[in-house]
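Here's the structure we're looking at; comments come further down.
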């Protein structure tokens, strides 16, 4: 049975969504995604915007990369990261906008 007019969602899709939400479950990772909404950046630029140690930042970037949220490319000694899909940033924006406005996670802004 579907709810609120939404079609049935296969269990495998729900499991993959739960995995993605697990990956996105830390504020630092959400800050990384927010920073990368402005375009590709290297670790140095991300560290200038996000309060984290370099090893901690690298760990979070690796988790996001392994989950398919980010892609990366090497240029000399630098590694540049970017969002793999804009839709993941959209999910973060929708949830944060609702929470910031005093709504709940399940409200869709109009």
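The values are calculated or read from the model by the stated rules, or taken from the named source; none is laboratory data. Treat the numbers as computed from the prediction; the structure is a model and nothing was measured. Methodologically, a virtual Cβ is constructed for each residue, glycine included, from the backbone with ideal geometry; neighbour enumeration extends over all protein chains shown.
Going residue by residue through region 83-104, is there one that turns out to be modelled with pLDDT of 90 or more, within 15 Å of residue 31 (Cα to Cα) and surrounded by 12 or more Cβ atoms within 10 Å (Cβ to Cβ)?
First, the residues of region 83-104 that are modelled with pLDDT of 90 or more: 83-84.
Cutting the leftovers down to within 15 Å of residue 31 (Cα to Cα) gives us 83.
When the remaining residues are screened for being surrounded by 12 or more Cβ atoms within 10 Å (Cβ to Cβ), the result is 83.
Yes, region 83-104 contains a residue that is modelled with pLDDT of 90 or more, within 15 Å of residue 31 (Cα to Cα) and surrounded by 12 or more Cβ atoms within 10 Å (Cβ to Cβ).
For region 11-28, the set of residues classified as out of contact with any helix residue (DSSP H, G or I) (no Cβ under 8 Å at 6 or more places or on another chain) and either modelled with pLDDT of 90 or more or part of a helix (DSSP H, G or I) (or both) consists of 11, 12, 13, 14, 15, 16, 17, 18, 19, 21, 22, 27, listed by residue number.
Among all residues of region 51-68, there is at least one that is touching a strand residue (DSSP E or B) at 6+ places or on another chain (Cβ under 8 Å), closer than 13 Å to residue 82 by Cβ, surrounded by fewer than 17 Cβ atoms within 10 Å (Cβ to Cβ) and modelled with pLDDT of 95 or more.
Filter region 24-50 for residues that are within 16 Å of residue 87 (Cα to Cα) and free of Cβ contacts under 8 Å to residues at least 12 places away in the same chain and give the result. Listed by number, the list holds a single entry, 38.
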